[in-house]
Amino acid sequence: MVNIRFMHCADLHLDSPFLGLKHLPAELFEHIQTSTFAAFERLVSEAIQKQVDFMIISGDLFDVEDRSIRAQAKLLKQFNRLNEDGIPVYVIHGNHDHLGSFRLDLDMPRNVHIFGEETEVKELTTKSGAVVKLVGFSYGTRHIMENKVSTYPNQLDGDYLIGLLHGSEGSVDSSHERYAPFTLNELKEKNYDYWALGHIHQRQVLSRMPPVVYPGNIQGRHRKETGEKGGYLVELTKQDAHLEFIPCQELLWIRIDVSLEGIKRFGEIFQRISTEVENLQVNADCLIQVDLKHIKELSPEMIRAISNGELLQGLQDEVPTSGTLKWIHSIKFSSNESDNLDTSDPFINDVLQTLQDMSVEEGLSALTEIYDHPLLHRYTEPLDEGRLARLAEETMDIILHPSKIR
C-alpha cells in the first residue's frame with residue numbers, strides 16, 4: 001500500500017497578544033507581536049519543501065473570537081502558498097475560534113477544507129493514489145463539554161483513516177479547560193490510522209501505534225510555554241508511522257537557574273546573571289526567566305533590590321538590540337527556596353509565591369464571584385493560561401510598585 005506524508009499542527013493562536021512584556025522596547029515588541037505569523041509561515045515553508053500530501057490544523061487558528069482582518073489575511077496568504085503547490089489543508093475550529101464567533105470571512109482558496117459543527121467525513125485521493133478519509137468537527141460554540149468520540153464512525157472504506165479532534169484526554173495533566181473530553185482507549189477502539197489532536201499546548205505523543213498526537217502550539221506566548229514549538233511531519237503506512245517534530249517558533253521562552261552562592265556584593269549578582277545569559281547557546285531570539293538559587297547569604301538590601309525590579313531594569317537596559325535577542329523578562333526566586341525570601345514582609349512573600357505558582361483552576365476559584373456574577377460575567381474574557389499569567393504579572397507589579405496605583 002502507498003504511504004502518505006502530511007504535516008500536523010494545531011493551536012496557531014494567530015494575533016496572540018503576548019503577555020507580561022510591557023517593558024520591552026517598541027521595536028522589539030512589534031517583532032514579538034508578529035511571531036505567531038512568522039512561525040506559521042515557517043511551518044508552511046517546511047510543508048512545501050517536504051512536498052506533503054496534505055496539511056492538518058487541529059483547531060484554534062486564531063487567539064480570540066473577534067479575529068482581526070489582519071490575522072485572517074495573513075492566514076489566507078499562507079493557504080494560497082499551499083494552494084499554488086497543490087497541497088490541501090484540512091481545518092477544524094476549536095474553542096478559541098469557534099464557528100459562532102464574530103468574523104468577516106475572507107474567501108478561502110479551494111484547497112482549504114473546513115469541517116462543520118457536526119462530525120463529518122472528508123475524502124482525499126493523494127497524487128500517489130492513496131485514498132484518505134478524514135473525520136472531524138469544528139466547535140460551534142466556545143464550550144463543548146460533552147464527549148464527541150461516539151460521533152466518529154467506526155469503519156470507513158479507504159486506505160487511511162485519520163481523526164481530527166480538539167479536546168482534552170483524561171490522563172493529560174494540563175491547566176487548559178477540559179473541552180470535548182475523551183480517553184485514549186476510546187480513540188484506539190476506533191481503529192483509525194492517526195489521531196490529529198489539538199488544544200493542549202505541550203506536545204505529547206500519547207500513543208505510537210496508532211499515533212495519537214498533540215503537536216502543541218507553534219509559538220510559545222508566555223513564560224509557561226517554554227521550549228521549542230512547531231508541528232509534526234508524519235510518514236504513515238499501515239505497518240508503521242514515522243513522526244518528525246519540526247520546530248518553527250520565531251522566539252523561545254526559556255528558564256535558566258542562576259546560583260548566587262558566595263555572592264558578597266550586589267554588582268556580582270548583576271555580573272553573574274549577565275554571564276549566564278551571554279553563555280546561552282540559542283539559535284533563535286529568546287525571552288528568559290531567571291530563577292535565582294542559593295540566596296541564603298544575600299542581605300535584605302539585596303533581596304529588596306531584586307524584588308522591587310531594580311536589578312531587572314538594569315539588566316534590560318544592557319540588552320543589545322542587534323543580533324540574537326536575549327531578553328530577560330523576569331527574575332524570580334526559585335520556588336523551593338521561597339522560605340528564604342525576605343522582602344521585609346512575610347505576607348507579601350507568600351502572596352508573590354502564590355501568584356507565581358497559580359494554576360488556571362486556582363485562578364478561576366479565586367475569581368468565582370466575578371465570573372459567576374449575573375451582570376459582570378458578560379464583560380470578562382474567558383480565563384486561560386495566558387490571561388492568568390497576565391493578571392498575575394500585573395498584580396505582582398502593583399504589589400511591588402504601589403506607587404503605580406494612581
Flagged in the stretch 114-132 as surrounded by fewer than 14 Cβ atoms within 10 Å (Cβ to Cβ), small (Gly, Ala, Ser) and touching a strand residue (DSSP E or B) at 6+ places or on another chain (Cβ under 9 Å), in numbering order, are Ser128
In the set Gln281, Gln289, which member is among the polar types (S, T, N, Q), under 25 Å from the mean Cα position of the chain (by Cα) and part of a strand (DSSP E or B)? Gln289
Which residues, taken from the stretch 65-97, are free of Cβ contacts under 8 Å to residues at least 60 places away in the same chain, surrounded by 16 or more Cβ atoms within 10 Å (Cβ to Cβ) and of a type in the set (Val, Ile, Thr)? Ile87, Val89, Val91
Tell me which residues, restricted to the stretch 144-164, are surrounded by 13 or more Cβ atoms within 10 Å (Cβ to Cβ) and either among the small types (Gly, Ala, Ser) or within 21 Å of Ala10 (Cα to Cα) (or both). Ile144, Asn147, Lys148, Val149, Tyr152, Gly158, Tyr160, Leu161, Ile162, Gly163, Leu164
Got a sec? Which of Arg272, Arg265 is outside the structural domain of Leu24 (by TED's automatic domain parsing), surrounded by fewer than 22 Cβ atoms within 10 Å (Cβ to Cβ), modelled with pLDDT of 95 or more and not hydrophobic (A, V, I, L, M, F, W, C)? Arg272
Evaluate the stretch 293-300: report whether one residue or more is under 29 Å from the mean Cα position of the chain (by Cα) and either part of a strand (DSSP E or B) or over 30 Å from Val205 (Cβ atoms) (or both). yes
Conditions (1) on the phi < 0 side of the Ramachandran plot; (2) surrounded by 19 or more Cβ atoms within 10 Å (Cβ to Cβ); number of the one not met by Ala180: (1)
Leading residue by the ranking (farthest from Leu61 (Cα to Cα)) among those in the stretch 113-128 that are assigned to a loop (DSSP other than H, G, I, E, B) and charged (D, E, K, R): Lys127
Can you find a residue in the stretch 139-148 that is in contact with a His (Cβ under 6 Å, 6 or more places away or on another chain), without any contact (Cβ under 8 Å) to a residue 40 or more places away in the chain and of a type in the set (D, E, K, R)? no
Quick one: would you say Ser58 is in the same structural domain as Lys238 (by TED's automatic domain parsing), of a type in the set (S, T, N, Q), touching a Gly at 6+ places or on another chain (Cβ under 7 Å) and surrounded by 14 or more Cβ atoms within 10 Å (Cβ to Cβ)? yes
In the stretch 14-27, is there at least one residue being out of contact with any helix residue (DSSP H, G or I) (no Cβ under 9 Å at 6 or more places or on another chain), assigned by TED's automatic domain parsing to the domain that holds His166 and of a type in the set (D, E, K, R)? yes
If you take the residues of the stretch 240-263 that are in contact (Cβ under 8 Å) with a residue 60 or more places away in the chain and among the aliphatic types (A, V, I, L, M), which of them is nearest to Gln204 (Cα to Cα)? Ile246
Looking only at the stretch 27-47, which residues are surrounded by fewer than 16 Cβ atoms within 10 Å (Cβ to Cβ) and over 20 Å from Trp253 (Cβ atoms)? Ser45
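The values are calculated or read from the model by the stated rules, or taken from the named source; none is laboratory data. In this text, all values refer to a predicted model and were calculated from it rather than measured experimentally. Cβ atoms come from the backbone with ideal geometry, glycine included; neighbour counts cover every protein chain shown.
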